[in-house]
Each structure stands twice: as C-alpha cells, then as structure tokens.
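The values are calculated or read from the model by the stated rules, or taken from the named source; none is laboratory data. All values derive from a computational prediction rather than experimental measurement. Please note: Cβ atoms are built from the backbone with ideal geometry, for glycine as well, and neighbour counts cover all protein chains shown.
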Amino acid sequence: MANQGNNRPPLVAPVKNFQIPPEKAPKKKPAKKPKKRRKSIKGFFQSILRTISRVIWWIMWRVAVVLALVLGAGVFYYYKDLPPAMALMDDRKRGSVTMMDRNGDVFAWRGDQFGGLVSAATVSPALKNAVIATEDKRFYRHFGISPRGILGAMRININAGRSPLSGNGGSTITQQVAKRVYFSDLRSIERKIKEVPMSIAMEIKYTKDEILSIYLNRAYLGAGSYGFEAASQRYFAKSARVLSASEAAMLAGLLKAPSKFAPTRDIGRAQGRADLIIGLMENQGYLTKGEAIAARNNPAKLSAVAEKRAGGYFADWIMESGPDFILKDTTEDIVIKTTFDERVQKAAEEALDFIFENKVKAGSKAQAAIVVMSRDGAVRAMVGGRNLGIAGGFNRATQALRQTGSSFKPFVYAAALENGFSYNSIVIDEPLTINIPGSGPWSPKNYSRDFKGPLTFTEALVASVNTAAVRISEEVGREKVRVLAKDFGIENKLAAGPAVALGASESTLLEMTGAYAGISNSGISARPYGVMELTIQGDNAPLMGKSTGSGKRVINDHAAAELIYMMNQVVETGTGRRARLNGREAAGKTGTTQGARDAWFVGFTADYVAGVWMGYDDNSKLSGVTGGGLPADIWRETMLRVHDGLPSKPLAMIHPLPEEIVDNPDGSDRPTNLSRAIDRELKQFEKDAETIMNKLLGGIFGRRN
C-alpha cells in the first residue's frame, strides 16, 4: 500500500477551533475556600471556649468547696457554743416595772415588760399561724435561710427604687432570731453574712418549734413589751394562749413597726394592719373565707386599762424620780403600788380639755400642766401637757423650770408671819428704789401701775402688790425668805437679789404645788411622793415603802393659819376670784411673770392641793393671760370635778372677829379695819419715838454732867 512504511507520520485528525458564543458558554462556579481551612478556625474558637469553661468550672467547684468548708466551719463554730433553747427565751437588758394605783389596779407599765414564757405549742394556734403567715410562710420547709425569699426581697427593693439590700431583707424567722440574740449591734452587711452560718447552726441544734418559741418570747411589740405574752397582757389584758384571730393578727402586725402600728398609739391604723395579716392567713390556708370575714367584722380592741392610757406623765415621773439601781439598772421585774388616783387624773384631764375647747382660741399652741396631790404630798394626778398619754414625752409638770412670779409671794409673807408680823400688819405701798451692788438702782413696779399707800398684809397679798412684797422681804431679810422657801420644798436655786420676793427664780409646778401643800398642812412641809410600796415580782415583803411625805415644821401653826386666811381672801376677793368654789373654802395665789411668759395658779382646799401652769414651750409671751385668768379657770374646773361628791370641810385658818371687818363703799368686805390698824401702828411709832428720844436726851445730859 502506498504510504505504508516505517517513516510514515501518524494519522492525526486536525483540530478545529470552534468559537462558542459567550451567552452559551457554561458558567464557572466561584472558587470555594478550602474545607480544611474553615474547619480549622471554628475548632480554634471552640477550643478556646472549652478551655474557658474548664477554667471556670475548675475555679467554681474549688470556690464552692472552699465556701462549703468555710460555711461548715462557721456552722460548727456557732453550733458548739449554742446554749439550750430555754436559755435564749428571755435575755432582756433591764427588768419591767408594773404600776398599780392607790386601789391596787394596774394602770401603767414601763421598762422591758415580759409576761412569762410561752411556746409554739402553748400559744393560741391563731397567733402561731399569724406569725408564720406574716414573717416566714416557708418556715417549716427551709433549712434556716430562704434563697427564694432573699431573691424576692431584692426584687421588691429594686422595684421600689432602693438598692437590693435596702428595705426588705427576706430574712427567715431563724435569721431574725439569730439577729435578735447575737447580731443586733452589727452593721447590715456584716450581720447578714454572719446570720447564714448561725441560722443553719440553730436549725441543727434546735427544733423548729424551739426556734419559733424563742422568737415568740423575744420579739419587741411596742410599749415596752417583749414577747407575745407581755404584749397580749399589755394590749388585751389576756394571755397569748387564748387570743382570737383578729387579736393575733394585730399582734403579728406589730412585728414590722411596733411604734407605728401600736394600738395604744393609733387603734385604727393597728386594725388596718391586722386586716392585711388576716388576708395573708386566708391566702395561705390558715383561715377559711368565713373565718376571715368574721375576724374582720370583729376587730381587736384594747382592754379597758390599755384604752384609758391613764397616768402616762405620772408613770414617767415615777421612773425618773425613783432610784436608778432599782428602776433603771435592775433586770428584776418590779411591782410598784403608787399614790395615783384614776378618778382625780380623769378630772384634771377633762378640766384641761374643757377650758381649751371653750375659752382658748382654736389652734393655740399654748401648753398647760396640772398637778393634784393630797395635803401630805401624795401625788394623785399629773398632766404634763396637752399631748396626753405619750410615754416619754416632755413633762411640763416636772421638767419645765419656769419663773414663778407672784405665786412665790406667800413664802415672803410666811417668813414675816413667822418673825412676829400679823395678817393685819401695815406695809406702805409707795415708790421704792433699792441699790443693787454691781447692777445699780432697781425700782419694782406694780401691775396696776399705781400706789395705794398704807395696806394691811392681807390687802397687799389680795391685790398682789409688788412693792409691798419687796418691802416685807427686805424687812425680814432675803436670806430668811430663801431658807423658808427651801424648807417648804423649793429646791432649785433662788435669786440672791431683792427680786426674789417677786418670783424671779425658777421652779417646777410639782415643787410649787408641794410647797403649797406644806402651807395647807399647817406649816409642816409635805414633799411630793408617788411610791407607796415597791416589791420584786414574786416576793411578799416590800423592798421599800413610802418614798417621802410630811417633813419638818417650817412655820408655827398660828402663822400658818393667818397665811391660809390671807390666801383664802385672794380667792374670795382678790386676784384669784375666778377660782372660787361656791360652798367650799379654798385658798391660793396667782402668778404672772415678767412679760407674761408664764401664768400660774396654785391653791388648796381642806382635801387637795392643786397647781396649774400655763405658757408656751418656746417661752414666748402669752396674749391676755394672767394667773388669775385661764390658770384659775383650769384650777376651778379641776377642783370642782375632784371634789364632786365629797363633803365640804373648813380650812385650818383664822377667822377674824366681826368687828374687825368693815363695809366698804363698793359693797365688798375688807379683811381688817384699816383705820384701826393705822392708829395702832402710829401709837406704837409714837411710843417707840418717845423711848428713843428719852434715851438720847438722857445720854446728852449725862455727858454734860
């Protein structure tokens, strides 16, 4: 064949170059990242996360172990020192004081009141349920702390705009017990930290009922009451073992804010709080709907004793005036029988209310105080201000030192009568100037701004003449006046200058009333007292008896009888006429201080002595008030009520003979015949002058010879 041979080229088909239109060309897929590279980055990050997780887990479980060890050590540390539950039931820092009136009825409590031990098993079931429903509804299910409760409390605080740890704390009853017993003095954060191991230790050491019993006995529930038994006795006069649902709810409601919700402070607010607790008890199944409705329809009410709130100021005075080692420092429970008379107290309070409602301008901030006592100094009633019954309030009867004004003048006349003067001795009312070393001349002025000339002592006291009181004081001697006033019971420092006669010194209403009691007691001092017997609860023999009372004779009985007569005329015809008790003899004296900042009326009958002070707490000026005005009105209203039903008794005073009384043109009786008195004084003066002249002439002639 042709073309066969070894040198022939291979048969190859020629390559043709076909042109493909672009639109028909196959599309190229985008290049993919290497699969191996993608897996590498993802694994890297996963590896980092796994490492971090392992580190966190490694740290957390080790921290948890450390915390568990620390918590366990803390629990063991507290557990080993926990005493028996009974030792924690009553750990008050001071004892209680129960006060009884003169009839033996309880009227006031002070100190840390403890009614006796109760337990979760012995209290009323309603009380037990009310406390759990209010304070710790999971009490029987947790181990001392409640994480749910803590988180819930934090949520409430945040929603209220507070920090998570401010306000509600979510504390269980066990934590509250730990706080009250061991950590009450610590700051919030430190206390919260320590409460946790202590609470767990308590849960291990004690049963749930023992923890609840400690709580029931230690909780503070207002009015000085520690424990539910004391509070139940204080507010309802019954044991915590027999409380109704509404009463239990009211007591449980005090746990949050004892002062705010105390029924003795605001019974309406306390009942409103109790309604809320009843709702909680119903929601948690402790009360049926019918029982809850019945409890709301029959709200708890105070006992008769608690409702009266009698003798708050009196009880405060007893606590302040008694020996500290007995009433304030002791941890014993004390029972005091006092001189307090509920009937007299009510009379004084009603009298004060009557005058302020009917004779004082509405909205007035003026204050007043009243003290009523028997002639021997036994204090029967005390009103320390218009804010009645608030324990611990400012007591204007015992704590307010105020100038006494003309109510001091009876002590000036008492000094004169004791030193030989008489009720009808003469004193001249005319301008008087006394030079006071270091201060210069001083001239006393009369309230009437005029001068009456010669006056008897009685007339001068009846009209409260200032110049007469100063003249008599200077004649007798200021020191004698001060000593006599002190002997009658005015213990505060008296002024050294001549103004002492006008009441420039300060005193308390209790002191002044006690001093007047000495006058009414025929010149024998009568120091105010309130304690009859003081006994430690459970003992039969009194620890101490009557605190004070009648003292020494200050002026003789005749001088006292003359002074009482003079003071009787103050009430009958003088500046104290508004204090007259129709059909009953009374004696007293008004007092108005410089600038009318204090107004007084202090007086007495044959049965009682009473003092009234009126003024402003800021010492501002009274408007249109003198001792013979509103204070005399308050005194009269008080004494009318105090003497209601009592027979009228005469005062121990002199009774001048009829011929010594003259009729005046104005129709009023004058206590003495002024002209006769003046004649007697003039004759005595002439006789004394003649004696002096004879001695002088004798001396002269003798020298001449």
**Prompt:** Looking at (1) closer than 26 Å to Ala416 by Cα; (2) surrounded by fewer than 18 Cβ atoms within 10 Å (Cβ to Cβ), can you tell me which one Glu572 breaks?
**Reply:** (2)
**Message:** Can you tell me which residue is nearest to the chain's Cα centre (by Cα) among those in segment 427-457 that are within 20 Å of Lys480 (Cα to Cα) and among the β-branched types (Val, Ile, Thr)?
**Reply:** Ile436
**Asked** Which one of these does Ala230 not meet: (1) farther than 16 Å from Ala130 by Cα; (2) out of contact with any Ser or Thr (no Cβ under 9 Å at 6 or more places or on another chain); (3) crowded, with 22+ Cβ neighbours inside 10 Å?
**Response** (2)
**Message:** Would you confirm, using the coordinates I've provided, whether Thr535 is among the polar types (S, T, N, Q), at negative phi and not assigned by TED's automatic domain parsing to the domain that holds Asn435?
**Reply:** yes
**Message:** Whether any residue in segment 287-302 is crowded, with 18+ Cβ neighbours inside 10 Å, within 17 Å of Gly224 (Cβ to Cβ) and in contact (Cβ under 8 Å) with a residue 12 or more places away in the chain is what I want to check.
**Reply:** yes
**Request:** Please work out if Ser171 is part of a helix (DSSP H, G or I) and assigned by TED's automatic domain parsing to the domain that holds Ala126.
**Result:** no
**Complete:** Every listed condition ((1) within 19 Å of Gln594 (Cα to Cα); (2) touching a strand residue (DSSP E or B) at 6+ places or on another chain (Cβ under 8 Å); (3) at pLDDT 95 or above) holds for Asp487 save (1)
**Message:** Which condition from (1) under 23 Å from Phe604 (Cα atoms); (2) surrounded by 24 or more Cβ atoms within 10 Å (Cβ to Cβ) is the one that Ser505 breaks?
**Reply:** (2)
**Message:** Suppose we filter Arg580, Arg527, Arg584 for residues that are touching a Gly at 6+ places or on another chain (Cβ under 9 Å) and among the charged types (D, E, K, R); which single one remains?
**Reply:** Arg527
**Request:** Scan segment 430-443 and report the pairs whose first residue is assigned by TED's automatic domain parsing to the domain that holds Ala499 and over 15 Å from Ile472 (Cα atoms) and whose second residue is of a type in the set (S, T, N, Q) and in a strand (DSSP E or B), with Cβ atoms within less than 8 Å and a gap of 6+ or a chain change.
**Result:** Pro441/Asn435; Trp442/Asn435
**Prompt:** Which of the residues spanning segment 212-225 are touching a residue at least 60 places away in the same chain (Cβ under 8 Å) and either over 16 Å from Ala257 (Cβ atoms) or part of a loop (DSSP other than H, G, I, E, B) (or both)?
**Reply:** Leu212, Ser213, Ile214, Tyr215, Leu216, Asn217, Arg218, Ala223, Gly224
